[in-house]
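Here is the structure we will look at.
The values are calculated or read from the model by the stated rules, or taken from the named source; none is laboratory data. Please read these numbers as outputs of a predicted model, since none were measured by experiment. Note that each Cβ is placed from the backbone with ideal geometry, even for glycine, and that neighbours are counted across all protein chains shown. Note: accessible area is taken over every heavy atom of the protein model, side chains too, but ligands, DNA and RNA are not part of it. Shrake-Rupley method; radii C 1.70, N 1.55, O 1.52, S 1.80 Å.
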Amino acid sequence: MSSIYSEEYQSVIKLLRAARHEKGITQAQLAKALDRPQSFVAKIENGERRLDIIEFAHIAHLLSLDPADVLKMVLPKK
């Protein structure tokens, strides 16, 4: 389940990327807010780098998303 290739992980990344696009935020702008290079965001969105939970929460917050809501959208319902 820790793979960047899992369906759930890919869904999280797609949701974050879509939110970034919807808000008109570039990778460079998001990276600057994270105090990281633009390549950091590009690698996450391209699946070259795994996003850890703290980075996920920080990015979600910067995109005005509730991390719990994002996870509810992608995790299977029990």
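Accessible surface computed residue by residue for the chain, with neighbouring protein chains in place and a 1.4 Å probe, gives 68 Å² per residue.
Placing +1 on the Cβ of every Lys and Arg and -1 on the Cβ of every Asp and Glu, with nothing else charged, gives the stretch 5-78 a dipole about its Cα centre of roughly 80 debye. In the structure shown, the pairs 14/72; 23/78; 43/78 are assessed against 23 Å; a Cα-Cα span above that value is assigned to 23/78; 43/78. Loop-located trypsin sites (Lys or Arg not before Pro) in the stretch 11-43 (DSSP state other than H, G, I, E, B) with a sparse environment of at most 14 neighbouring Cβ atoms within 10 Å: 23. Probe radius 1.4 Å, ligands and nucleic acids ignored: give me the carbon and sulfur share of the accessible area of the stretch 1-73 as a rounded percent. Exposed carbon and sulfur together represent 54 percent of the surface. Of the GluC sites (Glu not before Pro) found in the stretch 11-78, the ones in coil according to DSSP and having at most 10 other Cβ atoms within 10 Å of their Cβ are 48. Helices in the chain, meaning DSSP H runs of at least 4 residues, each add -39500 (n - 2.57). Divided by all residues, the mean residue ellipticity at 222 nm is -19000 deg cm²/dmol. Quick check: net charge around residue 29, other residues with Cβ under 11 Å of its Cβ, Lys/Arg +1 and Asp/Glu -1? So the environment of residue 29 carries a net charge of +3. Here the mean projected area of the convex hull built on the C-alpha positions of the chain is 4.9 nm².
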